[in-house]
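The values are calculated or read from the model by the stated rules, or taken from the named source; none is laboratory data. What you are looking at is a predicted structure, and each value in this text was computed from that prediction instead of being measured. Using ideal geometry, Cβ is built from the backbone for each residue, glycine included, and neighbour counts are taken over all protein chains shown.
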Amino acid sequence: MENVRIRITGTHGEGRDRETVVTECDGWLYEKNGKHYLRYTEKDAASGQERKALIKVEGGTVTVEYKGNTDTVMIFEVGRKNRSMYRTPLGSMMLETYTKFMEIKTGESSLDIEIDYLMSLGGGEPANASINIKAG
């Protein structure tokens, strides 16, 4: 397990409604049974409360799991739609993602993931979104 610096840039929406959130923190990167894992604790941008995150890379699949004030699991696979529950203190709603593009680069002490996807929350209209995760 290696201590790494992590930078996550998430963007969603289009035009004037486009919003970008950047998170920087320290975490741990490790490989186990052929899978790459990235663990860290971050402050939730909306609530300011801490939440734990785990990112797992297995082949062409990236799983992002958050636990804390909000809980969710997002699975990204190119060309596939995935559904999960987005749980908040005010209730739960369906979260759907459709992965349009994904690039994963792994090294001994680094990880770089770029994902472009569509996201729909609570049955709403899908919106463009992207996430870039750099650790090393």
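For segment 1-24, the set of residues classified as hydrophobic (A, V, I, L, M, F, W, C) and crowded, with 16+ Cβ neighbours inside 10 Å consists of Val4, Ile6, Ile8, listed by residue number.
State the number of residues belonging to segment 107-129 that are surrounded by 13 or more Cβ atoms within 10 Å (Cβ to Cβ) and in contact (Cβ under 8 Å) with a residue 60 or more places away in the chain. Qualifying residue count, segment 107-129: 6. When segment 25-42 is limited to residues that are surrounded by fewer than 17 Cβ atoms within 10 Å (Cβ to Cβ) and either of a type in the set (Val, Ile, Thr) or over 16 Å from Lys67 (Cβ atoms) (or both), the one that is nearest to the chain's Cα centre (by Cα) turns out to be Thr41. When the test is whether a residue is surrounded by fewer than 17 Cβ atoms within 10 Å (Cβ to Cβ), aliphatic (A, V, I, L, M) and at negative phi, Leu95 does not pass it. If you go through segment 45-71 and keep only what is loosely packed, with under 15 Cβ neighbours inside 10 Å and touching a strand residue (DSSP E or B) at 6+ places or on another chain (Cβ under 8 Å), you end up with Ala45, Gln49, Glu50, Lys52, Glu58, Gly60, Lys67. For Met74, state whether it is buried (at least 16 other Cβ atoms within 10 Å of the Cβ), modelled with pLDDT of 95 or more and touching a Ser or Thr at 6+ places or on another chain (Cβ under 8 Å). Yes; evaluated as a whole, the condition is true for this residue. Number of residues in segment 105-136 that are in a strand (DSSP E or B) and either within 21 Å of Asn3 (Cβ to Cβ) or polar (S, T, N, Q) (or both): the value is 14.
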